[in-house]
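Please read the structure below before turning to the comments.
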Amino acid sequence: MEFSEGPGVIGIAVVGYGYWGPNLVRNFGELEDARVVLCCDQDPSRLRRLRTRHPAIATTTDFAEVLRHPDVDAIALATPVGTHYDFARSALEHGKHVLVEKPLATRVADAEHLVELAAKRDLTLMVNHTFIYTGAVRAMKTMVDAGELGDLYYFDSVRINLGLVQRDVNVLWDLAPHDIAILEHLVTEAPVSVCANGACHLGAGIENIAYLTVYFQSGLIAHFHNNWLAPVKIRTVLLGGSRKMVVYDDLQTSEKVKVYDRGVEMAGLEDQHRNRIAYRLGDMYAPRLDETEALRNAAAEFTAAIAAGRRPLTDGVSGLNVVRILEAAEMSIKHRGREVKL
C-alpha cells in the first residue's frame, strides 16, 4: 500500500505540543504537500522550545486563533482525550480538516456526531491510529486479505508497562485503542458483543489493569490485556488462523512479524465419541517489512486524502468503531464483566 502525497500545499496547525506534538510537527514538516504554519499549546514554555527548533512556525496559546487563521487548512489534535470532541467539532464547524489522536472521542454519541459533521461539511476526518501505518500491520493485512492465514480463530494482544498512568481515562481507553484499531483494520467482520473486567489499585476509581474480550459471530475471539502496573514492557499481538499463525512483537528491532505454518487439525474419528487430533508443525519465516516511520505514512495519508477528497484509511468511521467497543467495555466493567451487545 502506497501513501502518496497529492498536489498543492496544505497548511497544518498542530494543537498540543506535549509528548506527541513534536512528532507531528516533524513529520508534517517533511512532506512536500504540507506546511506547518501554526502550533498551539497552553504552556508557553513548550512554545518557546518549538520556536527554538522551528522559528518559521507561528505559535499561540489561543485555540480560537487557530480556527480563525486563514492559512490553516487542517488541524492535527494532540490534546488530552477529554478535549478531542470539543476541539474536533469546533475545527470542523470552522471548515478545517481534522486529524485526531486516538481515541476519537470518549462517547459513541460524540464520535457519531463528528463523523456526521465531517460528512455534512465535506471535510476529512481522520483518527491517528498510528499502528495501522506500520510495516508490520500492513504486512499482516496483506496476509489476511490474501487468505494466507485461513479462517481467523483468535486475536490476542498484550500491551502492558509500568505507567504512564493517566488522570482522565482508564487503562483501556489509554492503551487498548491501538490494538482494537489493528483488529478493526484486519477483520472485516463486525463484532457482536464484549465482556470486560478491570481493577483500580491507585484510587480515583480509574482502572489501571483491564481484560477485554470481543466476540464475533463466526467464532473469532479477540482478547486484550492492558496494565499500567507491569514490571516489564510488552507489546505483542498473536493472530491465529486455520492455516497459519502470526506473532507480532513491536519491541523487536528486527523480525517484528513471524509467520508460523503451524496448527491443529481434526484427522477423523477414532470412534463415535472421540476425534483424532493432528498437529501441523511447519516452518517459520519473517517477512521483510517497510521500515518507513508509521507517523510519516499517517501524515502523508491525511494530506493525500484531503487533496483527493477521499476517505482516509483510518477515517472517522474506523475511529467510531473503536470508541463503540471501548464504551461497551467500560459498561461491562461497571457490571462486573457482564456481556454487552454491540
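The values are calculated or read from the model by the stated rules, or taken from the named source; none is laboratory data. None of these values were measured; they are calculated from a predicted model. Glycine gets a Cβ as well: all are built from the backbone with ideal geometry, and neighbour counts include every protein chain shown.
Could you tell me whether any residue of the stretch 175-189 is hydrophobic (A, V, I, L, M, F, W, C) and surrounded by fewer than 15 Cβ atoms within 10 Å (Cβ to Cβ)? Within the stretch 175-189, not a single residue is hydrophobic (A, V, I, L, M, F, W, C) and surrounded by fewer than 15 Cβ atoms within 10 Å (Cβ to Cβ). Exactly one residue out of I234, I306 is more than 18 Å from the chain's Cα centre (by Cα), in contact (Cβ under 8 Å) with a residue 40 or more places away in the chain and not in a loop (DSSP other than H, G, I, E, B), and it is I306.
From the residues in the stretch 288-324 that are among the aliphatic types (A, V, I, L, M) and touching a strand residue (DSSP E or B) at 6+ places or on another chain (Cβ under 6 Å), which one is farthest from E116 (Cα to Cα)?
Checked the stretch 288-324; the qualifying residue farthest from E116 (Cα to Cα) is A298.
So for the stretch 51-63 (the condition being surrounded by 22 or more Cβ atoms within 10 Å (Cβ to Cβ) and of a type in the set (G, A, S)), does at least one residue qualify? So far as the stretch 51-63 goes, no, none of its residues is surrounded by 22 or more Cβ atoms within 10 Å (Cβ to Cβ) and of a type in the set (G, A, S). Exactly one condition in (1) more than 22 Å from the chain's Cα centre (by Cα); (2) part of a loop (DSSP other than H, G, I, E, B) is false for M266; which is it? The single condition M266 does not satisfy is (2). The residue that is nearest to L320 (Cα to Cα), counting only those in the stretch 182-208 that are among the polar types (S, T, N, Q) and assigned to a strand (DSSP E or B), is S193.
Set side by side, the residues A139, A146 differ, and just one is within 29 Å of N227 (Cα to Cα) and surrounded by fewer than 21 Cβ atoms within 10 Å (Cβ to Cβ), which is A139. For the stretch 151-171, a residue qualifies if it is surrounded by fewer than 20 Cβ atoms within 10 Å (Cβ to Cβ), within 25 Å of L220 (Cβ to Cβ) and touching a Gly at 6+ places or on another chain (Cβ under 7 Å), and the qualifying residues are D151, Y153, Y154.
The one condition from (1) buried (at least 24 other Cβ atoms within 10 Å of the Cβ); (2) over 20 Å from C40 (Cβ atoms); (3) in contact with a strand residue (DSSP E or B) (Cβ under 9 Å, 6 or more places away or on another chain) that A118 does not meet is (1). Scanning the stretch 190-208 for residues that are surrounded by fewer than 20 Cβ atoms within 10 Å (Cβ to Cβ), over 18 Å from the mean Cα position of the chain (by Cα) and among the small types (G, A, S) yields S193, A199, G203, A204, G205. If you go through the stretch 58-105 and keep only what is free of Cβ contacts under 8 Å to residues at least 40 places away in the same chain and within 19 Å of R296 (Cα to Cα), you end up with just V98.
For K120, the conditions (1) outside the structural domain of K244 (by TED's automatic domain parsing); (2) in contact (Cβ under 8 Å) with a residue 24 or more places away in the chain; (3) of a type in the set (K, R) are fulfilled apart from (2). Checking each residue in the stretch 209-221 for being surrounded by fewer than 23 Cβ atoms within 10 Å (Cβ to Cβ) and in a strand (DSSP E or B) picks out I209, Y211, T213, Y215, I221.
Per the listing A328, A286, A299, the residue uniquely aliphatic (A, V, I, L, M) and outside the structural domain of I182 (by TED's automatic domain parsing) is A299. Taken over the stretch 237-247, the residue count meeting the criterion of being in contact (Cβ under 8 Å) with a residue 24 or more places away in the chain and within 25 Å of I209 (Cα to Cα) is 4. Within the stretch 173-207, being under 19 Å from G82 (Cα atoms) and not hydrophobic (A, V, I, L, M, F, W, C) holds for D174, P177, H178, G205, E207.
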